[in-house]
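Trainee: Before I ask anything, let me first share the structure, which is written out below as structure tokens.
Where a number appears in this text, it was derived from the coordinates with a stated rule and is not lab data. In this text, all values refer to a predicted model and were calculated from it rather than measured experimentally. All Cβ positions, glycine included, derive from the backbone under ideal geometry; neighbour counts span all protein chains shown.
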Amino acid sequence: MADELIDFVWRIPTAGYQWISAECLGKEESPQRYLVYASGEPVQPARDYSPFVSTSGLFKRFAETAPTEKGIAAFANKFGWLGGRLTSGPLSAAEGTPRLYGETFNSWQETIKCMADIVTLWECAKLGKLSAISRQVFWKGNAVFHRSRDRQNLEVIASEHLYPELLAGFSRGDLQLPAMYAVQRQINRELAKHTASPKLLWHRGQLVLRQSATSLIGAIWLQFAKAVEGNKGYRQCENCREWIEIGGRRAARSDKRFCTPSCKSAAWQRDAKLRALEQASKKGR
């Protein structure tokens, strides 16, 4: 179900995307792999969709995206590219062709990794999985730290010299509360980076305050923030395997098994066929 506080529509080219090797004009850099429109036409036939209506667990889907060219292209062809500051150009192209814009393979990889790290930390903190939390949050002396799962990045959550008032609120050795502060800090950082913020928008002839975003990646972080706020849970649809929202303070019922009535119907028909085959098999013995 769409969150009434969120207003966001995104556009996907019907021809999809493809990977090319190119240089960004005006920048001194080696050629990189860029995700660009698959069609070279200056005007792109496209379709519009509302991510919050179609996919309640899009941030989980993004966090699980394989950080490969094939995995990234599959996500983009279904949900669009990330947009905002991650889209760059114009890129080098053959003379006479339209100017190309694209998103680098490295930026997609880094963004997926960041989302996956924080989603994992949030889910472990919610469930009290201390062993898993300790891979990212740990105490050393009178300070508590947050590190990425690949151990490449390290940040102080609180110490006697940095955020001492925060440190005073932690119980020495506790991992869950510091983990949630790390989740909060990273989400706020990403929301600011990708300009996801409240805006006054027109709705049915009136100005209303809505959470909004200017890019898909900003909307994905906003959806994640709303999931944290609502303490939402997720499970995969038993038919299509998309993530669906369950439980939480303002979510669907906790026993929900399918994302849409059509998925429920498809699963019922599949199960009916299996039962019929089993019965036929028993009769043939």
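Trainee: Let's see if you can work this out: charge +1 on each Lys and Arg Cβ, -1 on each Asp and Glu Cβ, no other charges. What is the dipole magnitude of the chain about its Cα centre, in debye to the nearest 20?
Mentor: It comes to approximately 1380 debye.
Trainee: Apply 1/(1 + (r/R0)^6) to the Cβ-Cβ distance of L201 and L277, taking R0 = 45 Å, and write down the FRET efficiency to the nearest 0.05.
Mentor: Computed FRET efficiency for L201 and L277: 0.30.
Trainee: Would you mind computing, in nm to one decimal, how far apart the modelled labels at L177 and L209 are, each placed 7 Å from Cα along Cα→Cβ?
Mentor: The answer from the label model is 2.9 nm.
Trainee: Expressed in nm to one decimal, what extension gain is obtained for the pair S159 and W19 from 0.36 nm per residue of sequence separation less their Cα-Cα distance?
Mentor: Full extension from S159 to W19 adds 45.9 nm.
Trainee: Given Cα pairs under 8 Å that are at least 6 residues apart, what percent is the relative contact order of the chain?
Mentor: Over the chain, the number comes to 16 percent.
Trainee: Let me ask something else about it. Between K140 and R47, what length in nm is gained on full extension when 0.36 nm per residue of separation is reduced by their alpha carbon distance?
Mentor: 28.3 nm
Trainee: Which of [x] 59, 47, 35; [y] 69, 66, 51; [z] 70, 54, 23 is the computed Cα extents along the principal axes in Å for the structure on display?
Mentor: [y]
Trainee: Want the number for A192 to N231: 0.36 nm per residue separation, take away the alpha-carbon distance, what's left?
Mentor: 11.9 nm
Trainee: Neighbour counts of other C-beta atoms within 10 Å: give me Y101, Y17 arranged from fewest to most.
Mentor: Y101, Y17
Trainee: Just to confirm my numbers, what's the Cα centroid distance between segment 5-74 and segment 104-122 in Å?
Mentor: Here the two parts' Cα centres lie 15 Å apart.
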